[in-house]
Amino acid sequence: MAKKILLTSFQTWLPHHVSNSSDDLLAQIQAEEFLLASLTFLRQLPVDIALASQKAIATIQTLQPDAVICCGMAESRDRLTIESNASWSQEQIYTSVNLEQLIAKLSHTKISHEAGKFVCEGLYYQVLRYLKQFRPQSHCLFIHVPVLTEINLPEILADFRLILEEMGA
């Protein structure tokens, strides 16, 4: 049976944003046929930690996914970055995914240890905390997506597909 993966993205949050690259990437993936896992999309979460976390956790409770991949936009980055951890107050929670092994096959992705101290990190922390407490067998990643261009899109899509394959394996 195919593993279930929940994918999330955010709405835009600044006036100059035409779209959110995390949502643009998920739109590309959603348009494809993906056979190695069952993908569920929770796109355009509000840019609000409490609301985004509430919606994501409610979907996790209903779906019971094997993996959750949360995506957010990182305008200043030039490649996909997978966040190793999320912090809240004095607590830090790390993903259970072996990131070194995961990125070994990827050409346009690196590991980050700084999730941004904004809604991205807040959502990641809340989802990691929920899974740790209620679904410890489920894995979670947070992936920051750079602004997508004609030049970087093929490489980013290729890496993201490989991440989905690994998470669905």
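Results, tabulated for the structure shown:
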item: Entries of 4/117; 55/132; 4/105; 3/117 with Cα pairs more than 24 Å apart; result: 4/117; 3/117
item: Exposed-loop-free span, longest in the chain, where GluC sites (Glu not before Pro) count as exposed if DSSP calls them loop and at most 11 other C-beta atoms lie within 10 Å; result: 34-149
item: Computed E for residue 32/residue 151 - FRET, C-beta separation, R0 25 angstrom, nearest 0.05; result: 0.80
item: Percent carbon-and-sulfur accessible area, segment 29-87, ignoring ligands, DNA and RNA, probe 1.4 Å; result: 47
item: Accessible area (Å², per residue) of segment 1-140, counting only protein heavy atoms and a probe of 1.4 Å; result: 51
item: For the chain: relative contact order, % (alpha-carbon pairs under 8 angstrom, 6 or more apart); result: 31
item: Between segment 88-167 and segment 1-47, the Cα center-to-center distance that results, in Å; result: 13
item: For the chain, with +1 on Lys and Arg beta carbons and -1 on Asp and Glu, the positive-most of 2, 28, 145 along the dipole; result: 2
item: The chain shape via C-alpha gyration tensor axes, a/c threshold 1.5; result: rounded
item: Those chymotrypsin sites (Phe, Trp or Tyr not before Pro) in segment 83-169 that DSSP places in a loop and that have at most 16 other beta carbons within 10 Å; result: 118
item: Most mobile of 135, 77, 43 in a GNM of the chain (Cα contacts under 10 Å); result: 77
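The values are calculated or read from the model by the stated rules, or taken from the named source; none is laboratory data. Worth saying up front: this structure is predicted, and the values here are computed from it rather than measured. When we count neighbours, we look across all protein chains shown, and the Cβ atoms used for this are built from the backbone with ideal geometry, even at glycine. Protein only, heavy atoms only, side chains kept; ligands, DNA and RNA dropped before computing areas. Shrake-Rupley method; radii C 1.70, N 1.55, O 1.52, S 1.80 Å.
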